[in-house]
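Reviewing the structure listed below.
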Amino acid sequence: MTKVLYPGSFDPITKGHMNIISQASNLFDEVIISIQQNQKKTSYLSIQERLELINELYKNYDNIKVVIGELATVDTAMLYKCKAIIRGLRSLTDFEYEVMIQQINKDISNNEINTICLFADNKYQFISSSMVKELLYLNKDISKYVDPIIERKLIMKRGN
Ligand code: ADP
């Protein structure tokens, strides 16, 4: 049984993330989505809110689980017996960052944890959580970029 870890901030989870999750769940037996605490960025949704939303999205999927990643990503991967980390690539900037991080992750896990990069389908390639938040503040339609469950929560949290 091959399990993989998909770590990220998911603040909020977008249709880009969901497309990567769907591809990964077709390729591997189980996908563990790990919501990582990001020390550098202040978040819009709390960790608990993100956990509840992603759980709601995937409640009918036996092979997709959601956890909060409190450790280093490789340690979370090992904790849940994941063979690899999944990352999604959008741009050259993503690529340069991922090349560096995957090497560090290999080193600190003694070559136990590999990184597998997937590409979202064309129409989801450009979506980012920060773009969704920007549009939300501008009162623009975000329904193309996030699931209705996420859209409802974001609009409720915005307050109108
Ligand atoms: P992080 O803060 O770790 O970048 P994100 O939640 O922004 O977390 O993203 C998690 C992963 O999903 C990253 O590998 C990111 O590149 C990827 N990703 C995000 N949006 C997309 C998208 N639209 N298409 C493909 N991959 C994506």
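The values are calculated or read from the model by the stated rules, or taken from the named source; none is laboratory data. These numbers come from a predicted model, not from an experiment. A quick note on method: Cβ atoms are made from the backbone with ideal geometry, for glycine too, and the neighbour counts reach across all protein chains shown. Quick note on the areas: whole protein, heavy atoms, side chains included, nothing else; ligands and nucleic acids left out. Shrake-Rupley method; radii C 1.70, N 1.55, O 1.52, S 1.80 Å.
Annotations for the structure displayed:
- Test: residue in the stretch 35-43 that is part of a helix (DSSP H, G or I), aliphatic (A, V, I, L, M) and in contact with a helix residue (DSSP H, G or I) (Cβ under 7 Å, 6 or more places away or on another chain): no
Residue-by-condition table, conditions (1) at pLDDT 95 or above; (2) on the phi < 0 side of the Ramachandran plot; (3) within 11 Å of the ligand (Cβ to nearest atom):
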| site | (1), (2), (3) |
| --- | --- |
| Leu53 | yes, yes, no |
| Glu56 | yes, yes, no |
| Asp62 | yes, yes, no |
| Val66 | yes, yes, no |
| Lys83 | no, yes, no |
| Arg90 | no, yes, yes |
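- Tally, over the stretch 92-109, of residues that are more than 10 Å from the ligand (Cβ to nearest atom) and either farther than 24 Å from Met1 by Cβ or touching a strand residue (DSSP E or B) at 6+ places or on another chain (Cβ under 8 Å) (or both): 11
- For the stretch 21-29, the criterion of being in a helix (DSSP H, G or I) and farther than 16 Å from Ile85 by Cβ is met by at least one residue.
- Residue list for the stretch 121-144, restricted to those being open to solvent by 40 Å² or more (accessible area, probe 1.4 Å) and in contact with a helix residue (DSSP H, G or I) (Cβ under 6 Å, 6 or more places away or on another chain): Asp121, Tyr124, Ser143
- Here Asp29 passes the criteria (1) at pLDDT 95 or above; (2) among the charged types (D, E, K, R); (3) closer than 21 Å to Val146 by Cβ except the one numbered (3).
- When Leu92, Leu53, Leu57, Leu118 are checked against the criterion of being aliphatic (A, V, I, L, M) and either without any contact (Cβ under 8 Å) to a residue 40 or more places away in the chain or surrounded by fewer than 15 Cβ atoms within 10 Å (Cβ to Cβ) (or both), a single residue qualifies: Leu92.
- Within the stretch 24-50, the set of residues being under 17 Å from Ala120 (Cα atoms) and surrounded by 17 or more Cβ atoms within 10 Å (Cβ to Cβ) comprises Ala24, Ser25, Phe28, Val31, Ile33.
- In the stretch 120-133, the condition of being among the hydrophobic types (A, V, I, L, M, F, W, C), away from the ligand (no atom under 11 Å from the Cβ) and at pLDDT 95 or above is met by no residue.
- Sole exception among (1) within 15 Å of the ligand (Cβ to nearest atom); (2) open to solvent by 40 Å² or more (accessible area, probe 1.4 Å); (3) modelled with pLDDT of 95 or more for Thr14, by number: (2)
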